[in-house]
Amino acid sequence: MKRSLRTFIRKGGTMTRTGWGTAVAGVFLLAASTVHASSVIGLTIEDQARLSKHVVVGVVVGQQGVDNPENGLETAVTLRVITSLKGDARRGDALVFHTRSGELDGEISTAIGETVLQTGQKVMVFIEELDGRLYNVGLSYGVFRVNEDARGRQSLVRAIEDGLEVVDDAGVGHGPFAIEDIRTRVSYAATHPRFDNRMVQETFGQGR
């Protein structure tokens, strides 16, 4: 079985994926100090929403390793939508996005810090579009676990994976968050397009 590791770097102001030669303007990934870590810029919920085409809560119903001719092995994740906070997906829709790790025909490629999902898991995902393809924003930083207490109250916690370093979390933290709080922030971002993060502003201008 062949295995490979992927880290993420930033060179000369242009976001790139090491070894892939593909610009990644929407996923703000900083230099990894070793092959054992990747770094992402911490963003406000509002900025994550501004970068996203979809923000949805759903259940993972399928995962399939795929070979992207430009980017290598990825996983196509099918999410059965429960709630859509942004985008045109509706309850019951099957929404497919991609993670940057994958397994196909005995070959495994791992993007350090990428989300690891299980079929049947309920998650909230911030999803951006890059070159016509959907990806979770910022590796595992853009994925939240949906937790439920004994009284049925739900909360959201970032599903940060080992090996992912968040640089300056913008004072947001990893949760728990109330889903209504996230909904309010996503709605605010829709009517206030100006980015909070200066690096994002420099890349996209005053809004997106």
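Just so it is clear, none of the values below were taken in a lab; they were calculated from the coordinates. All values derive from a computational prediction rather than experimental measurement. Here Cβ is always computed from backbone atoms with ideal geometry, including for glycine, and neighbour counts include all displayed protein chains.
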Q) Based on the Cα coordinates of the stretch 138-181, what is the per residue volume of their convex hull in Å³? A) 75 Å³
Q: Obtain the nm distance between the two label points defined at residue 80 and residue 150 by a simple spin-label model: each point lies 7 Å from its Cα along the Cα-to-C-beta direction.
A: 2.9 nm
Q. Mind listing P(r) for the stretch 31-174? All alpha-carbon pairs, 5 Å bins, whole percents.
A. 2, 10, 19, 23, 22, 15, 7, 2, 1, 0
